[in-house]
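Engineer: Submitted below is the structure of interest, expressed as structure tokens.
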Amino acid sequence: MTGLRSPFSTWTPLSALLAAVVLPACAPLPPKLEAPSQVTVSTITRLNDHPCTATVASVLDAYHVPPQSVRDLFYTQRLSGESRLLGYTAWMHLTDQPGSLVMDVDRSCRFEQAYTRNGADLSGVYRSAF
């Protein structure tokens with residue numbers, strides 16, 4: 001069939017605008033971060049003292065995760081192909097959840113994203129299929 005074209009067969013300014021508006025609406029909004037509570041900071045510091053402790057504690061507070069429910073915490077580095085530090089990933093197991101709560105921060109400890117894995121389910125946090 002020649003001469004027939006789908007209106008979505010090529011990217012137009014309108015389709016790009018729709019994608020920019022609709023796709024982010026599918027993802028959870030990042031939380032508004034405020035100064036973390038001292039209880040959360042001290043609990044997280046006892047588990048693993050790290051330069052990004054304050055950010056991780058702020059995110060836990062923003063998602064209403066009680067600090068006493070964090071069973072363990074470890075950090076991994078995210079590196080570029082040239083071995084440049086891109087940021088850190090904080091991995092946590094919670095006492096009342098299977099799986100993990102995961103947070104990514106950049107190399108300056110600014111929050112990037114949080115998600116759960118392997119069955120953990122927290123309100124407002126993206127649930128990874130992996």
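Engineer: Which of the following residues is of a type in the set (Gly, Ala, Ser), more than 25 Å from Cys109 (Cα to Cα), modelled with pLDDT under 95 and open to solvent by less than 50 Å² (accessible area, probe 1.4 Å): Ala19, Ala25?
Structural biologist: Sole residue among the options that is of a type in the set (Gly, Ala, Ser), more than 25 Å from Cys109 (Cα to Cα), modelled with pLDDT under 95 and open to solvent by less than 50 Å² (accessible area, probe 1.4 Å): Ala19.
Engineer: Another one. Name the single residue that is least open to solvent (accessible area, probe 1.4 Å) among those in the stretch 99-130 being touching a residue at least 40 places away in the same chain (Cβ under 8 Å) and of a type in the set (S, T, N, Q).
Structural biologist: Of everything passing the filter in the stretch 99-130, Gln113 is least open to solvent (accessible area, probe 1.4 Å).
Engineer: Pairs, please: C-beta under 9 Å, at least 6 apart or cross-chain, first residue more than 12 Å from Asn118 (Cβ to Cβ) and open to solvent by less than 40 Å² (accessible area, probe 1.4 Å) and in the stretch 87-98, second polar (S, T, N, Q) and in a loop (DSSP other than H, G, I, E, B)?
Structural biologist: Close Cβ pairs satisfying both conditions: Gly87/Ser108; Ala90/Asn48.
The values are calculated or read from the model by the stated rules, or taken from the named source; none is laboratory data. Everything numeric here is computed off the predicted structure, so don't read it as measured data. All Cβ positions, even for glycine, are placed from backbone atoms using ideal geometry, and neighbour counts span all protein chains on display. Please note that ligands, DNA and RNA were not included when accessible areas were found on the heavy atoms of the full protein model with its side chains. Shrake-Rupley method; radii C 1.70, N 1.55, O 1.52, S 1.80 Å.
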